[in-house]
1. Go ahead and estimate [θ] at 222 nm for the chain from helices alone: -39,500 (n - 2.57) per DSSP H run with n ≥ 4, summed, over the residue count, rounded to 500.
2. List the aspartates and glutamates whose Cα lies under 16 Å from the Cα of Lys63, skipping any in the same chain that are fewer than 8 positions away.
3. Show me the three semi-axes of the equivalent ellipsoid for region 204-293, from the C-alpha gyration tensor (sqrt of 5 times each eigenvalue), largest first, rounded to whole Å.
4. Given Cα pairs under 8 Å that are at least 6 residues apart, what percent is the relative contact order of the chain?
5. Rank-order 16-25, 432-441, 259-268 by packing density, defined as the average count of other C-beta atoms within 10 Å over each peptide's residues, highest first.
6. For region 61-112, what does the relative contact order come out to in percent, with C-alpha contacts under 8 Å and a separation of six or more?
7. If you average 1/r across every pair of different Cα atoms in region 388-515 and take the reciprocal, what Kirkwood value do you get, in Å?
8. How many percent of the alpha carbon pairs in region 116-227 exceed a separation of 19 Å?
Amino acid sequence: MNHDVLYLAADENDLLWASSDINISAVDDSEEYALQPPVRNFRPSTSQVKELGKFQARNINGKVYFGTSKGIYSFQAFGDRLKLMPDATFGARFADGSREAINLKENKSGHIWLTSEFRTGQLRKLQDKAYVWDTIPLSKMPRVDVWTIYTDAGGIVWLGTTEGIFRYNPHYSKDYKIQPQTVLRKVKLSGDSTVFFGSFANKGAISMKQSERFKFKLPHAVRSISFEYAATSFEAPGQHLYSYMLEGEDKKWSHWTSETKKEFTGLDEGHYTFKVKSKNIYGSVSPVSTFEFESLPPFYRTWWAYTFYVVLWGLIVWAIIRVKHQNLIESKKSLEKLVHERTAQLEAEKKKSDDLLLNILPVETAEELKVNGRTVALRYERVTVLFTDFKDFTQISEDLTPEELVAVIDFYFCAFDKIISKYNIEKIKTIGDAYMCAGGIPNPDANTPADVVKAGLEILAFVENLNPENQFKKHRFEIRIGIHTGPVVAGIVGTKKFAYDIWGDTVNTASRMESSCQEGKVNISGATYELVKDEFICSYRGKVDAKNKGEIDMYFVEAIVTQPEIIQV
């Protein structure tokens, strides 16, 4: 065993499980192995280590489970293999990856203690073998990290935490369902004028119930009303939570909060009822306390104000009719301006469409397609075709996510596009990690076979400059480049998703040049060599057998022939 061991647990099959935050091993402790027990390592994947955070081995009911940051896991059989998987034995909430489950500890009653999200509680086994997690008895504990749980012979539970040791006695009987009471302490207007002090007068006696007599009517000028409230439970009062709503304004209750004051401002006229309830540390919710009041409308929403509005509206209608003719004239001018703008927009959109078509097809082919609706394939006698392919790219891609894979391909192919653009070489297509381009089409005078070879050397140099010698082999990208010159037929076929392509034996031969090439080399055929031999230093490989082509003369391009420098005396 060659890893740290932080947790030990033995199962019913005499397997001793040893785990740490990053590794798991099993030791067969059977008597038949004496002092040399076999050790089997179950190292989790890197992604599991990163996601689960830790692997706390614990024996529960004779089986070993692992507490992690994403729930309870166990090894489950898949054929003759064991795989670390979420375990729903103790409920789906601890197997769906939504919460941690650590510090698992089984007591003598078969109940299980565990910690999850700063809360510690007991998993109690029900009659149907299901489990329910009860955290109410330990609700008074502060929000601390629990490192370990120990249950002694008397059933007392001891918790070791970052704030010391906590002790819980389950034999102490307590009713956790007793409801607290919520009282309104004060009601204030405009921030400082108190109109309610916690009780009402009812025939000379104090009452908590609000009668019709004490239902306040607030002038519209009073823009704010605030409520102060408290719970009657004195157990951990600092941890009480409150929820409120203003009926007539709010649609639902607020989230639970520790705030004991709420202010409302800018209320419209209408009838309102403020409601508030409290919840103690054990989750018991109090009855709702209420306070009713009415907010009066402003002067501009009274009956005489509405009469004035009707008269004013008649004057506005008359004014609208007076200016209608002028508005029609202005509308005509606006329409003419709009037609002019839309015409300009259509012309701009047409230019965008033309630019997009030119990005897909050569200029000559695009123009022919726009005029005739179709194109005629053309034969070119001397086209230099270049193929590239990355060595072992399939194996390299297994270590990459789909997003990373696309990013890598895009990075290299964008660089290749930039290089061939320098020499007016036409990009044909990409297939997986293969890249294909051709010189001499659609304009035979746009470049020469030597330009295609130079582009191949620049592509090779670009890839090698990104592969330092000390980089791990599995991360190196090594490229093969093959070039051949000959006749092809070029054009587009079909009626949808147009793509410019080339066909002919020249394309197949260029592909064989690439597949017969060594990584880090530019391999050219004898036909290409005869056209570029005066401009490059090449090494003859001899006749190399190419699939379905027989033996072909092949050359490695080593360097560009440098022109002698003329020194004037």
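1. -8000 deg cm²/dmol
2. Asp11, Glu12, Asp14, Asp28, Asp29, Asp87, Glu106
3. Values: eigenvalues 127, 56, 24 Å².
After diagonalising the Cα gyration tensor, the semi-axes are 25, 17, 11 Å.
4. Reported as a whole number, the value is 6 percent.
5. Details: 16-25: 19.6, 432-441: 22.0, 259-268: 13.0.
Taking the mean over residues of other Cβ atoms within 10 Å, the ranking is 432-441, 16-25, 259-268.
6. Values: 80 pairs, mean separation 18.5, N = 52.
Result for region 61-112 is 36 percent.
7. On the way: mean 1/r = 0.0632 Å⁻¹.
Every distinct Cα pair counted, the radius reaches 15.8 Å.
8. Looking at region 116-227, the distances longer than 19 Å represent 67 percent of pairs.
The values are calculated or read from the model by the stated rules, or taken from the named source; none is laboratory data. For clarity, every value in this text was computed on a predicted model and none was experimentally measured. Using ideal geometry, Cβ is built from the backbone for each residue, glycine included, and neighbour counts are taken over all protein chains shown. Heavy atoms of the whole protein, side chains included, go into the accessibility calculation; ligands, DNA and RNA do not. Shrake-Rupley method; radii C 1.70, N 1.55, O 1.52, S 1.80 Å.
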